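Novice: My structure is below; once you've seen it, I'll send some questions.
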Amino acid sequence: MKVLLIGGGGREHAIAWKLSQSLKITKLFCAPGNAGTAGCAENVDISSSDIPALKDFAQSQKIDLTIVGPEAPLVNGIVDEFEASGLKIFGPNRAAALLEGSKIFAKKLMQKCNIPTAESISYSKPEEALRFIKKAGTPIVIKADGLAAGKGVIIAKDYKEAEDAVNRILVKKEFGEAGKRIIVEEFLKGEEVSVLALTDGETIIPLATSQDHKQVFDNDRGPNTGGMGAYSPAPIVTDELYKKIEETILKKTIKGLKDMGITYKGVLYCGLILTANGPVVLEFNCRFGDPETQVIIARMESDLLKILLAVVETNLSDIQIEWDPKSAVCVVLTSGGYPGKYEKGIEINGLKAVQSLEDAVVFHAGTTIKDGKVVTSGGRVLNVVGMADPLKDAIKKTYDTIKLVNFDKMHYRKDIGAKALK
Ligand code: AMP
Ligand code: GLY
């Protein structure tokens, strides 16, 4: 089979690495990919947002299956475009991807289906939002309705911060169209977990549990990022809790969409917070999480291609996914300054040394090849994954591996997974 994978982050390198182990694959392309995917796929210089060029490529190369990594092309209808041309593609269509594309749409669905979520109201007029915030008090959460590359959520500690957030989104239009409307939401306390499930619209298979670390500094301090590290399994999600999440969230979401005439196919990612009253949905994503995928894929023993094909062909009921019982830990190495400004083009050292390690793998994110050398090209640069049993040893394996790689101004958190040991 000829497969095209769309995206160029750590998530895509992990997926490409796993797919390249599938015996059924004769050729794997990655668009645009990174220096890591270049080692297990052929990179194609097409942006993940250029849907017409991706479709032309898939048609001319007679691609048998396309797999979409990031949310933007999904929300912009890449699946509808490919399917209309008779091309097989993994991911939800435009209507289903609205679950991530519009927080207001997701809220309405949750309210209608009694899916536990934070109380919220949507606004398009700043003065109305501010009037409500004054009455409701702080802390309070303000979210842009549409896609904002992970930057559209602001937790306001006081009224001044809330006013600033409302102005930035609704008045200054910092997020453009994505910020035409906002959600003002109650602030919830609890531990966050990511639950990812595969579904073909009929069958739902929850994937191994994982936990992300969003803030840039240790002890969850500093601004939110795309994710600084993850581990799997997340022991806080017991079998009993996972059953509850399946019943009260996953099944209801897929059924609620179906009742609206929408068949969700692909990965459904639920960002949950575990409150005193049980698990509550903070957000839905319509794709694999990053860096959650890196630890989930590291533990997956089954053939990923077979699983993704079963989703596309509505055969998921025939599939069983086997997991390595070991824990996997992923630590993200970032460019100094991320998630703010940072330099690019810095040479990365030590990548050869990690290639032959057992139970450790380095997935690339923001890397590229320049003059034959691997250099940084983004905020999140490398994802170091270590595996062992128990989790404590997986953490050690990961940090021992990190000692072998370096680049100037490299930053990473030193406490990934630590809270699960307490
Ligand atoms: P989201 O993109 O909606 O998941 O929000 C990004 C991050 O903001 C989440 O991972 C949480 O850390 C935080 N967050 C979002 N909504 C809430 C909320 N209602 N209460 C507390 N924290 C929140
Ligand atoms: N790790 C968070 C996300 O993928 O959105």
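Novice: Give the value in nm², to one decimal: projected area of the alpha carbon convex hull of the stretch 288-342, averaged over all directions.
Specialist: That works out to 5.3 nm², a quarter of the Cα hull's surface.
Novice: Consider all pairwise Cα distances in the stretch 77-138 and report the whole-number % of them above 12 Å.
Specialist: I get 75 percent for the Cα pairs in the stretch 77-138 exceeding 12 Å.
Novice: Suppose a student asked you for the relative contact order of the stretch 270-422, using Cα pairs under 8 Å spaced at least 6 residues apart; what percent would you report?
Specialist: Averaging sequence separation for qualifying contacts and normalising by length gives 24 percent for the stretch 270-422.
Novice: Based on the Cα gyration tensor of the stretch 332-422, what are the three equivalent ellipsoid semi-axes, each the root of five times an eigenvalue, rounded to whole Å and given largest first? Before the final figure, lay out the partial values.
Specialist: Values: eigenvalues 116, 53, 14 Å².
Largest first, the stretch 332-422 gives 24, 16, 8 Å.
Novice: On alpha carbon coordinates alone, what is the Rg over Rh value for the stretch 142-183, Rh being the Kirkwood radius?
Specialist: Rg divided by Rh gives 0.93.
Novice: Using square roots of five times the C-alpha gyration tensor eigenvalues, list the equivalent-ellipsoid semi-axes of the stretch 256-306 in whole Å, biggest first.
Specialist: Numbers: eigenvalues 107, 76, 17 Å².
Each semi-axis is the square root of five times an eigenvalue, giving 23, 20, 9 Å.
Novice: If you average 1/r over all unlike Cα pairs in the chain and invert the result, what Kirkwood radius do you get in angstrom?
Specialist: 21.9
Novice: Then there's this: Could you tell me the convex hull volume per residue, in Å³, taken over the Cα atoms of the stretch 186-244? All intermediate terms of the calculation are to be shown ahead of the outcome.
Specialist: Values: hull volume 8.0 nm³, N = 59.
With only Cα atoms used, the stretch 186-244 gives 136 Å³ per residue.
Novice: Over the chain, what percent of the accessible surface lies on carbon and sulfur atoms, probe 1.4 Å?
Specialist: Within the chain, the accessible surface is 49 percent carbon and sulfur.
Novice: When only alpha-carbon atoms count, how far does the stretch 29-101 stretch along each of its three principal axes, as whole angstroms with the largest first?
Specialist: Each principal axis gives a Cα extent; for the stretch 29-101 these are 35, 24, 16 Å.
Novice: Ok, one more. Work out how much length K422 to D164 would gain on full extension: take 0.36 nm times their residue separation and subtract the Cα-Cα distance, in nm to one decimal.
Specialist: Full-extension gain reported as 89.2 nm.
Novice: Specify the inter-centroid distance of the stretch 96-121 and the stretch 1-38, based on alpha-carbon positions, in whole Å.
Specialist: Result: 32 Å between the Cα centres.
Novice: While we're here: Which entries of K173/K344; K103/K255; K172/K344; K18/K251; K55/K151 have Cα-Cα distances beyond 24 Å here?
Specialist: As for pairs spanning more than 24 Å Cα to Cα, those are K173/K344; K172/K344; K18/K251; K55/K151.
Novice: Something else now. So what's the stretch 240-389 giving for Cα Rg divided by 2.2 N^0.38 Å, two decimals?
Specialist: It is 1.29.
Novice: Roughly how many debye, to the nearest 20, is the charge dipole of the chain about its Cα centre, given +1 on each Lys and Arg Cβ, -1 on each Asp and Glu Cβ, and no other charges?
Specialist: For the chain, the charge dipole is close to 800 debye.
Novice: Give me the 1.4 Å probe accessible area per residue for the chain, excluding ligands and nucleic acids, in Å².
Specialist: That works out to 43 Å² for each residue.
The values are calculated or read from the model by the stated rules, or taken from the named source; none is laboratory data. For clarity, every value in this text was computed on a predicted model and none was experimentally measured. Glycine also receives a Cβ, built like all others from the backbone with ideal geometry; neighbour counts cover every protein chain displayed. Remember, those area values only see protein heavy atoms, side chains included, never the ligands or the DNA or RNA. Shrake-Rupley method; radii C 1.70, N 1.55, O 1.52, S 1.80 Å.
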